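Novice: Here's a structure for you.
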Amino acid sequence: MRTKDEILKDIRRVEYDLQPENLYCDGEISRTQARAKEHNLLAERRVLIKELGREPTWKEIWGI
């Protein structure tokens with residue numbers, strides 16, 4: 001079983017990857033490719049939230 005910190009680290013990575021500039025690879029991929037990437041990331045996020053057992057707070061994710 002993974003720790004809360006390990007799960008939050010993965011959630012943080014997914015949230016970072018969902019930022020528009022990262023999702024669209026700074027404009028280097030098509031909208032269709034970006035949508036597919038977003039779909040996969042959101043699916044991964046749902047699995048991580050389920051593993052954590054709740055929706056984390058913004059502070060938990062970003063530590064600010």
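Novice: Residue under question is residue 3, and the condition is that it be without any contact (Cβ under 8 Å) to a residue 12 or more places away in the chain, out of contact with any strand residue (DSSP E or B) (no Cβ under 9 Å at 6 or more places or on another chain), among the β-branched types (Val, Ile, Thr) and open to solvent by less than 90 Å² (accessible area, probe 1.4 Å); does it hold? Spell out the reasoning first.
Specialist: Details: without any contact (Cβ under 8 Å) to a residue 12 or more places away in the chain: yes; out of contact with any strand residue (DSSP E or B) (no Cβ under 9 Å at 6 or more places or on another chain): yes; among the β-branched types (Val, Ile, Thr): yes; open to solvent by less than 90 Å² (accessible area, probe 1.4 Å): yes.
The answer is yes for residue 3.
Novice: Additional query: Checking residue 18 against (1) over 22 Å from residue 55 (Cβ atoms); (2) open to solvent by less than 70 Å² (accessible area, probe 1.4 Å): exactly one of these is not met. Which one?
Specialist: All conditions pass for residue 18, except number (1).
Novice: I need the full set of residues from region 27-64 which are in contact (Cβ under 8 Å) with a residue 12 or more places away in the chain and assigned to a loop (DSSP other than H, G, I, E, B), in order please.
Specialist: Taking region 27-64 as the starting set, the residues that turn out to be in contact (Cβ under 8 Å) with a residue 12 or more places away in the chain are 37-38, 41-42, 44-45, 48-49, 51-52, 56, 60-62.
Residue satisfying the conditions is 56 alone.
Novice: In region 25-50, what residues are open to solvent by 80 Å² or more (accessible area, probe 1.4 Å) and either within 14 Å of the chain's Cα centre (by Cα) or charged (D, E, K, R) (or both)? Steps first, please.
Specialist: Residues of region 25-50 open to solvent by 80 Å² or more (accessible area, probe 1.4 Å): 26, 28, 31-33, 35, 39-40, 46-47, 50.
Once the filter is applied, which keeps residues that are open to solvent by 80 Å² or more (accessible area, probe 1.4 Å) and either within 14 Å of the chain's Cα centre (by Cα) or charged (D, E, K, R) (or both), region 25-50 yields 26, 28, 31, 35, 39, 40, 46, 47, 50.
The values are calculated or read from the model by the stated rules, or taken from the named source; none is laboratory data. Source: prediction; values computed, not measured. As a convention, Cβ positions derive from the backbone with ideal geometry for all residues, glycine included, and neighbour counts pool all protein chains shown. Heads up: the accessible areas ignore ligands, DNA and RNA and are worked out on the full protein's heavy atoms, side chains in. Shrake-Rupley method; radii C 1.70, N 1.55, O 1.52, S 1.80 Å.
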